[in-house]
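Reviewing the structure listed below.
Bear in mind that the values in this text are calculations on the coordinates, not laboratory data. This one's a predicted model, so the numbers in the text were calculated from it and none came from an experiment. Using ideal geometry, Cβ is built from the backbone for each residue, glycine included, and neighbour counts are taken over all protein chains shown.
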Amino acid sequence: MPNASASSQDAARRTVVERMSDLEFMVTRTFDAPVHIVFEAWSKPELFQCWWVPKSVGMKLVSCEMDVRTGGSYRFVFSHPAFDQPMAFFGTYKEVTPNRRIVWSNDESDQGAVTTVTFEENAGKTLVTYHELYPTKEALEEALAGSAEGLPEQFAQLDALLASG
């Protein structure tokens, strides 16, 4: 019977990616950690940079600046051997409610999404819901074909970080 329990836990933790409309998608995953620990992994640069970049893509997060508060900003700089120049992604935190919600804008282009992450604790586990809303159908399509594909790997990396204590 222990195998049935282990597979139930794996199913509960797996990442689910769903297209919600022509402009938005949502990702959910339950983490085996209390909400304050999961929130820290999203709001402290030294933790965030440990899991945010999918290892399989060969990119490196060379700079991670985060002022996670309502009105604060972020700037991430990535490098990759195939790119001549580093790539910067930046924006503003529109709403931050500790241990409950983070909303940020992606301001590097006029096609950037508004990202909302919510955190819900239940019995010592935390359900994370990651939602992105794009200004155009084309921007969503590009995201789904690119960066969104990495989210299950990113969330698995976050799971490993949380498990490591």
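Observations, loosely collected:
- Residue tally, condition among the hydrophobic types (A, V, I, L, M, F, W, C), surrounded by fewer than 15 Cβ atoms within 10 Å (Cβ to Cβ) and either out of contact with any Lys or Arg (no Cβ under 7 Å at 6 or more places or on another chain) or within 18 Å of His131 (Cβ to Cβ) (or both), over the range 81-92: 3
- Contacts under 8 angstrom Cβ, first residue in the range 105-133 being over 15 Å from Lys94 (Cα atoms) and touching a residue at least 60 places away in the same chain (Cβ under 8 Å), partner among the hydrophobic types (A, V, I, L, M, F, W, C) and assigned to a loop (DSSP other than H, G, I, E, B), 6 or more apart: Gly124/Ala33; Lys125/Ala33; Thr126/Ala33
- Only residues that are under 19 Å from Cys64 (Cβ atoms) and surrounded by fewer than 16 Cβ atoms within 10 Å (Cβ to Cβ) were counted in the range 93-112, giving 2.
- Subset of the range 44-84 (residues that are over 22 Å from Ala148 (Cβ atoms), of a type in the set (S, T, N, Q) and part of a strand (DSSP E or B)): Ser63, Ser73
- Filter pass, Leu151 being more than 18 Å from Gln49 (Cα to Cα) and aliphatic (A, V, I, L, M): no
- Annotation: of all residues in the range 37-80 being among the hydroxyl-bearing types (Ser, Thr, Tyr) and surrounded by fewer than 17 Cβ atoms within 10 Å (Cβ to Cβ), the one that is nearest to Lys125 (Cα to Cα) is Thr70.
- Applying a threshold of 8 Å to beta carbon distances and a minimum spacing of six or more residues, or different chains, the list of pairs starting in the range 54-71 at a residue that is without any contact (Cβ under 8 Å) to a residue 60 or more places away in the chain and closer than 17 Å to Ser43 by Cα and ending at one that is in a loop (DSSP other than H, G, I, E, B) and among the β-branched types (Val, Ile, Thr) reads Leu61/Val53.
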